[in-house]
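Quick one: the structure is below, questions incoming.
The values are calculated or read from the model by the stated rules, or taken from the named source; none is laboratory data. This one's a predicted model, so the numbers in the text were calculated from it and none came from an experiment. Heads up, the Cβs are rebuilt from the backbone with ideal geometry, glycines too, and the neighbour counts pull from every protein chain shown.
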Amino acid sequence: MELVGGPLDGQLLDVTGLSTAEQADGALLIAPGSVYGPGGRADYEPRPGCPDRRA
């Protein structure tokens with residue numbers, strides 16, 4: 001899944017081991033380059049109606 005926007009923009013997230021329900025929940029990811037410094041978090045959710053698996 002491609003991450004769009006935020007500190008992890010353009011990076012890919014491997015979701016092959018997640019169920020459809022888990023994928024629909026989104027992900028809270030560690031974002032080392034965030035404005036809050038190392039250990040910051042980025043919250044990504046699936047984009048509604050976007051069939052190309054972007055979050």
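Looking only at residues that are among the small types (Gly, Ala, Ser) and touching a Ser or Thr at 6+ places or on another chain (Cβ under 8 Å) in the stretch 35-55, which one is modelled with the highest pLDDT? Walk me through how you get there before you give the answer.
Filtering the stretch 35-55 for residues among the small types (Gly, Ala, Ser) gives 37, 39-40, 42, 49, 55.
Of the ones still in play, those that are also touching a Ser or Thr at 6+ places or on another chain (Cβ under 8 Å) are 40, 42.
Values: GLY40: 83, ALA42: 86.
The residue in question is ALA42.
Taking the stretch 1-24 only, how many residues are out of contact with any Ser or Thr (no Cβ under 8 Å at 6 or more places or on another chain) and either surrounded by 12 or more Cβ atoms within 10 Å (Cβ to Cβ) or of a type in the set (Lys, Arg) (or both)?
To start, the set of residues in the stretch 1-24 that are out of contact with any Ser or Thr (no Cβ under 8 Å at 6 or more places or on another chain) comprises 1-6, 8-24.
Subsequent filtering for residues that are either surrounded by 12 or more Cβ atoms within 10 Å (Cβ to Cβ) or of a type in the set (Lys, Arg) (or both) retains 1-6, 8, 11, 13, 15, 18, 23.
The number of residues fulfilling the criteria is 12.
Moving to a separate point now. Kindly list, by first and then second residue, each pair from a residue in the stretch 1-14 that is under 15 Å from GLY40 (Cα atoms) to a residue that is among the polar types (S, T, N, Q), limited to pairs with Cβ atoms under 8 Å and residues at least 6 apart or on different chains.
PRO7/SER34
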